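Read the structure below first, then the notes.
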Amino acid sequence: MKKYTDSGKKDTRSGFGAGLTELGKTNENVVALCADLTGSLKMDAFKENHPERFFQVGIAEANMMGMAAGMTIGGKIPFTGTFANFSTGRVYDQIRQSIAYSGKNVKICASHAGVTLGEDGATHQILEDLGLMKMLPGMTVINTCDYNQTKAATLAVAEHQGPVYLRFGRPKVANFTSEDQKFEIGKAVHLQEGTDVTLVATGHLVWEALQAAEKLNEEGISAEVINIHTIKPLDNKAILDSVTKTGCIVTAEEHNYLGGLGESVSRVLAKNAPTPQEFVATQDTFGESGTPEQLMEKYGLNADAIIKAAKKVISRK
C-alpha cells in the first residue's frame, strides 16, 4: 500500500496566492480583482508586483463579476477573488448572465468554502456552491485538495479557455501531492489501488480518504482512492473503471450531498453501471460556528465517517 506523507500543513488559499503570483510574472494578460479581501485571498504579492493589473473593487462583488466579464473582451484573463459564499450565492445572476451565458474567460476564485471556515458560522460556510456552479452550462468546476494542487490548478486554469470556478479553503491542511505536478483539468488522480471499495473524494476530504484507506487496509479491506479535483467535467472513465473492479463506491466531499460530487457520480453510475453508493457529505443542512475539526467531526466529514460508509457499502454488494 502506497504511503502518503504530509510535507507540512498549509492552507489551500496560499496555494492560490502562490499560483497567482507566478502568473503575474509569466502572463501579462492575467489581471486580478478582489472584493476587499486581498489578505484573506493571499493576493497581496500580485498587488504589490503588478499594481496596474490589480483592481480593488470594494464590497461590490456583483460589480466585480461585471468588470471581469468586460475585461475579457480586451483579451485579459481576469481572476476574481472573494469568499466562496460571495463568489457564488451573492452574485449568481451576474455569473449566469454576464459570464456563463456568453462563455467569458473569467476565473472565479473562491476561498473559505465549507464548514472548515469554522468560527465564522453558517452564513459564510457555503455548502451548495459546487452545485450552483456545475449547473451553469460551459462552467468548469474545480475543488483542490492541498497547497501544491491548488497552486498547480491556478496555473492550469489560466491556460484554459472559458469560465472556471476554482474552490479552496482557509484552514491549514496536509500538503501531500507533488510540488511539480502537472494539473490536468477533468483528469482524476489515482492515489491508491484497491479491490474491495472505491473511495472517491474531493477537496479537504481527499486526505481523509487516504487516512481511511490506511485504516481499512489494516482490517484487511482493500480501498481504491481517487482524487476528483475536477467536478465538471467529471472523469467518468476513472469512476467506471474503478467500480468495475470494486463493485461499490463511497463519495466524500465538504458539500451538501444534494448537488455535489456524489450526485454527479450517481448520474454516471445510473447511466452506465448501477452500483451501491454511500455519501459522505453534509445532509441537507447549514453549518454552525466551531473549529474546523469540531465541525468535520459533527457533520461526518472525516476518515472515521468514510470508514463507516465503506463498510456499509461493502455490505450492500
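Rule-based calculations on the coordinates, nothing more; no lab input. Computed from a predicted structure; not experimentally measured. Methodologically, a virtual Cβ is constructed for each residue, glycine included, from the backbone with ideal geometry; neighbour enumeration extends over all protein chains shown.
Here are a few things to note about the model shown:
- Prolate/oblate/rounded label for the range 189-315 (Cα gyration tensor, a/c 1.5): oblate
- Summing charges over all other residues whose Cβ lies under 11 Å from the Cβ of Thr38, with Lys and Arg as +1 and Asp and Glu as -1, gives -1.
- Charge tally around Ala213: other residues with Cβ under 12 Å, Lys/Arg +1 each, Asp/Glu -1 each, net -4.
- Selected from His204, Thr275, Gly260, residue furthest toward positive end of dipole (the range 189-315; charges at beta carbon): Thr275
- Members of Lys3/Lys311; Lys237/Lys317; Lys134/Lys245; Lys3/Lys107 lying beyond 31 Å, as alpha-carbon distances in this model show: Lys3/Lys107
- Taking amide H as placed 1.01 Å from N in the peptide plane, Val141 has its amide H under 5 Å from the amide H of Tyr165, Ile231, Lys232, each at least 5 places away in sequence or on another chain.
- Cα gyration tensor shape of the range 10-173, rounded if a/c is under 1.5, else prolate or oblate by comparing a/b with b/c: rounded
- Counted charge near Val197, where neighbours are those whose Cβ lies closer than 11 Å (Asp, Glu -1; Lys, Arg +1): +2
- Placing unit charges on the Cβ atoms only, positive for Lys and Arg and negative for Asp and Glu, gives the range 10-173 a dipole magnitude near 240 debye about its Cα centre.
- Taking the Cα centre of the chain as reference, the dipole from Cβ charges on Lys and Arg (+1) and Asp and Glu (-1) amounts to some 660 debye.
- Shape call, the range 159-231: gyration tensor on alpha carbons, a/c limit 1.5: prolate
- Relative contact order (percent, whole number), the chain, Cα cutoff 8 Å, 6+ residue spacing: 18 percent
- Angstrom value of the Kirkwood radius, inverse mean 1/r, which spans all Cα pairs in the chain: 19.4 Å
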